[in-house]
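A.B. asks: Here you go, one structure.
We did not get these values from a lab; they are worked out from the coordinates using the rules stated. If you're wondering where the values come from, they're calculated on a predicted model, not measured in any experiment.
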Amino acid sequence: MRAIVQDSYGQADVLRLAHRARPEPAAREVLLRVHAAGLDRGAWHLMTGKPYLLRLGFGLRRPRNPVPGREVAGTIVALGSAVTGFAVGDEVFGIGQGSFAEYAVARQDKLARKPANITFEQAAVFAVSALTALQALRDAGRLESGQQVLIVGASGGVGSYAVQLAKAFGATVTGVCGTAKLELVRSLGADHVLDYTRDDFADGTRRYDLILDIAGRPALARLRRALTPTGTAVLVGGEGGGDLTGGMNRQLRALTWSPLLRQRLTMLLCKERSTDLERLRDLVEAGAVTPSIDRSYPLERVPEAMRHLAAGDARGKVAITI
């Protein structure tokens, strides 16, 4: 099969197109014929090996899995011996291993059937980012209908889903993004949009019951100024910070401060589970959430797609077509 391969950590030039043997599914895995894959910020971190702390789980000197890519949509072509609930020919989406390839394996408990009303490309850009948004709002943020929600980084992969999900759950949503992406965030359903180049969400104009900080840049003190006295701030992802721990040191400070405050400062560790993917599928089929694709690239142009993502130019998600 054709696959994108990386033999070392680095920038996009470490990615190359190669031929590799098809993977074999383990007992609780399926083999997918990949139709499309999603490119998320996590793929950039795994490509660069930064922050260095993540190498403890993914390979110290080089990636343990040389084929990158996790978000996937495709058709099942083979089943592991212990797989139940799926059959050869099923169209599915979810989280796999090595999705930047013509074939990839995925655990059955990280897959769901593809929504009938979207394409494979749309389904492929859904799993990791939408799961993160859902769990940040519902589990970490404890969102309730009628609350005021601020989403910092509303135009990116996770943010574009967070805006739609918060609206679907009955919140009043304010999105923060750059000038060029204001219309996108409005089109996603945000009630208010702030341009971070000229607007300060912490100027006291409005206070929020829940803040999702996806961009990873504001100081904790600024987040607290924008919260209601008993509001919650959820720090999503590990952007910013140094090469060793990235934004994790900021998240750990938030967890240390939180017990001393009336406000809640917390972080999210996303759980990859099919039950939440099925919940998201239902929302897509009901029309409450629509995957937003900025651009699609063929498999051989994954390095170019990665550069586009790293430059911060993506509006919504980037898809890889196979």
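A.B. asks: Give the percent of DSSP beta bridges with both residues in the chain that are antiparallel, rounded to the nearest 5.
C.D. replies: Counting DSSP beta bridges with both partners in the chain, the antiparallel share is about 55 percent.
A.B. asks: Taking the alpha-carbon centroid of each part, what is the distance from segment 92-120 to segment 282-322 in angstrom?
C.D. replies: Here the answer is 15 Å between Cα centres.
A.B. asks: Here is a further query. Anyone know which of 130, 202, 171 comes out most mobile in the 10 Å Cα GNM of the chain?
C.D. replies: 202
A.B. asks: Angle, helix 274-285 long axis vs. longest principal axis of the chain, Cα atoms, 0 to 90°, nearest 10?
C.D. replies: It is inclined by approximately 80 degrees.
A.B. asks: Moving on to the next point. When DSSP assigns beta bridges and you keep just the ones with both residues in segment 129-267, what percent turn out antiparallel, to the nearest 5?
C.D. replies: 5 percent
A.B. asks: Please compare each pair in 50/271; 114/317; 110/181 to a cut-off of 27 Å on the Cα-Cα distance and tell me which ones are over it.
C.D. replies: Numbers: 50/271 21 Å; 114/317 17 Å; 110/181 32 Å.
Where the Cα-Cα span goes over 27 Å, the pairs concerned are 110/181.
A.B. asks: Now a separate question. Any idea what the alpha-carbon Rg over 2.2 N^0.38 Å comes to for the chain?
C.D. replies: Output field value: 0.98.
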